[in-house]
1. Does segment 1-10 hold any residues that are small (Gly, Ala, Ser) and exposed (fewer than 10 other Cβ atoms within 10 Å of the Cβ), and which are they?
2. For segment 11-51, enumerate the residues that are modelled with pLDDT under 80, hydrophobic (A, V, I, L, M, F, W, C) and surrounded by 10 or more Cβ atoms within 10 Å (Cβ to Cβ).
Amino acid sequence: MVHIEFARGVKENVIPDVQLTRSKDESNGRAFFYFQNPHALEEGFRVWMRPFAVLT
């Protein structure tokens, strides 16, 4: 199962909308993740380390 962490060890419970793009020559692409009210931005949510995003 895949999950996203904005802080190490804290799983984001909100499921994002994902938009995929690719270049015309198909040599690279991007994935955009759009979250509606993500848990990591709720009032009172504290992270004592530098935030990062991880797909596992």
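The values are calculated or read from the model by the stated rules, or taken from the named source; none is laboratory data. Nothing here was measured: the structure is a model prediction, and the numbers come from that model. Ideal geometry is used to build each Cβ from the backbone, glycine not excepted, and the neighbour counts take in all protein chains shown.
1. Gly9
2. Passing the criteria: Ala40, Leu41, Phe45, Val47.
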